[in-house]
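Enquirer: Quick one: this structure, given as structure tokens, is what I'll be asking you about.
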Amino acid sequence: MMKTMSIALSMSLCLTLTGCFAKIHQLPVHPDKATPVFAPLPDQDTLVGIAVSGGGSRAATFAAGALEALANIRVTHDGRERSLLEVVTHMSSVSGGSLATAYYAVKKPAKPVAVLAANGLSPAYQQFFTSFKEDMQLNFQLRALFRQVANFRVANPTKLAHSFADVWDANFFDNMTFAQLYEREQRGDAPRIMLNGTVYNSGRRLVMTTLPPSDFAYDFTKELRAKLVAKGLQFTPEGKISFDKSIDRAKNQFLPQTFEDIEGDHRGLPISLAVATSASFPPVVGPVTYQAAETKQYTHVGDGGLFDNLGTESLTTLFLNKLTQTSPAAKKGLIIVIDTSYPFDEGGPELNTSDKGFEVFAHDPSRIVGIMEERANAYQAMLWHSLRTEGALLPDYDHLKIIVLRYTDSEWAQGDLVPAACPGDMTFEAITKTIRQVPTLFKIENACHGALLIAAAQKVVTKQQQRIKNFIEAR
């Protein structure tokens, strides 16, 4: 009992000290609220978005493999054949997926460099993806802990996020800022990216992006009410008040915030810190605290997966807004989800045979968040199906489609080669189990795990390749 109390007191003291020595990242005040920090860029008639889920280095590694496989898909678009990646307009991500997304946007070859050669990827893209897959498997945890010690940040989770940012700057990002990223987006060297975090103050999403806030201002309240009235529903004054209040409350949670909404100018914000913000999993890492200069408000932001671990909601909000405008430039949208979320049902059999329920937190500390995510995903699926069936709010499948690339959907059969990094006698049952049990860490524990994730990415992309081509090439 005394030992338990001692541990509790130590944790309390640690958390208290964390608060005392919190690190605040201050942004300049946005000088003109009527004008976005970054000027809007023109849209294409076909929006193609990639959502990259959370999952630490597991997610980052699988995403690197999936993006390579997607790069190899040839599509006919605007009258010429090109790589699928050349028609991707947006990427949205959380946590480990944000590391892969930012890496891709910052490091990929420039627009004039061909993605495809006659027989596959061009030499430049072969080299890029080789480095991409290797870099996502580095041990970031160890490097970040070294930074913590070297900078006297030990036992301070809020500063651990900054240590991760330091590591990623040293290895990949070279202190690139959002202003420099915007220059790449302007030239067409990178898609428009959205790195998602969760605002602890309100529970809403924070989208760290160069896109203007107006791109996310999809007010579904008015449209939903009109659709319901058109179907014959009548709203009494009492019902009207109840309906409007409940829907407005849902709308406020559904619509994201941006740095401009907290009066900040994020042109000088390092990409690395935005990635670390999106990946700050409580209570081990973060949150990252932002403040616009000359204001009194602090905004505490952490793991984007607490709100939406797939990264789909920001893309959905954006696409619905652009597809339903009175005179939209965009005619249809495709969202490809790279899903490396840890399988929630993986921990069930172990709990079924254990009489020590508390051990679940030692083996799977994200279990509570996983339960909430399972419920949220179930409600989201039912809502989307219902709205599609009723013809309300959501465009039909010919105009907005979602295709999911889930790493646990990879299928292994007799004759498939086992990656060289894995034991040669590894059975397909063992492969499936190993893939499902790769832990959520910012490191890949052994080379076999990384090789299996990359092989799985190729398999699931191949499985969905024709559906992707059909949507892009449909007139």
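The values are calculated or read from the model by the stated rules, or taken from the named source; none is laboratory data. Just so we're clear, the structure is a prediction, and the values are computed from it rather than from any experiment. Here Cβ is always computed from backbone atoms with ideal geometry, including for glycine, and neighbour counts include all displayed protein chains. Heads up: the accessible areas ignore ligands, DNA and RNA and are worked out on the full protein's heavy atoms, side chains in. Shrake-Rupley method; radii C 1.70, N 1.55, O 1.52, S 1.80 Å.
Enquirer: Quick test for you: out of GLN414, GLN437, pick the one residue that is more than 24 Å from PHE281 (Cβ to Cβ), of a type outside the set (Ser, Thr, Tyr) and surrounded by fewer than 16 Cβ atoms within 10 Å (Cβ to Cβ).
Expert: Just one listed residue meets the conditions, GLN414.
Enquirer: Further question: Which of the residues spanning region 54-78 are over 25 Å from GLU313 (Cβ atoms) and in a helix (DSSP H, G or I)?
Expert: GLU68, ALA71
Enquirer: Could I ask something else about it? Among (1) under 30 Å from ALA226 (Cα atoms); (2) open to solvent by 10 Å² or more (accessible area, probe 1.4 Å), where does THR258 come up short?
Expert: Failing condition for THR258: (2).
Enquirer: What are the pairs, 6+ residues apart or on separate chains, where a residue within region 432-458 that is farther than 19 Å from SER95 by Cβ has its Cβ under 7 Å from a residue that is of a type in the set (A, V, I, L, M) and in a loop (DSSP other than H, G, I, E, B)?
Expert: So the pair list comes out as ALA447/ALA421; CYS448/ALA421; ALA451/ALA421.
Enquirer: Give the residue that is modelled with the highest pLDDT, with candidates limited to residues of region 310-333 that are out of contact with any helix residue (DSSP H, G or I) (no Cβ under 9 Å at 6 or more places or on another chain) and farther than 12 Å from LEU400 by Cα.
Expert: If we take residues in region 310-333 being out of contact with any helix residue (DSSP H, G or I) (no Cβ under 9 Å at 6 or more places or on another chain) and farther than 12 Å from LEU400 by Cα, then GLN325 is modelled with the highest pLDDT.
Enquirer: Another question about this same structure. Select from region 28-64 the residues that are surrounded by 24 or more Cβ atoms within 10 Å (Cβ to Cβ), of a type in the set (S, T, N, Q) and closer than 22 Å to VAL87 by Cβ and list them in ascending order.
Expert: SER53
Enquirer: Separate question: When you go through ILE468, ILE444, ILE431, ILE454 one by one, which is the residue that is part of a loop (DSSP other than H, G, I, E, B), crowded, with 18+ Cβ neighbours inside 10 Å and either at pLDDT below 90 or not polar (S, T, N, Q) (or both)?
Expert: None of the other options fit; the residue is ILE444.
Enquirer: Do the conditions hold for LEU228, that is, is it out of contact with any Cys (no Cβ under 9 Å at 6 or more places or on another chain), surrounded by 17 or more Cβ atoms within 10 Å (Cβ to Cβ), at pLDDT below 75 and not aromatic (Phe, Trp, Tyr)?
Expert: no
Enquirer: Something else about it: Please work out which one of (1) under 27 Å from LYS332 (Cβ atoms); (2) of a type in the set (S, T, N, Q); (3) surrounded by 15 or more Cβ atoms within 10 Å (Cβ to Cβ) is the condition THR462 fails and give its number.
Expert: With respect to (1) under 27 Å from LYS332 (Cβ atoms); (2) of a type in the set (S, T, N, Q); (3) surrounded by 15 or more Cβ atoms within 10 Å (Cβ to Cβ), THR462 is out only on (3).
Enquirer: Turning to a different aspect of this structure: Does any residue of region 82-99 turn out to be at pLDDT 95 or above, open to solvent by 10 Å² or more (accessible area, probe 1.4 Å) and part of a helix (DSSP H, G or I)?
Expert: Within region 82-99, one or more residues are at pLDDT 95 or above, open to solvent by 10 Å² or more (accessible area, probe 1.4 Å) and part of a helix (DSSP H, G or I).
Enquirer: For region 209-225, give me the residue count where each residue is crowded, with 18+ Cβ neighbours inside 10 Å and assigned to a loop (DSSP other than H, G, I, E, B).
Expert: 3
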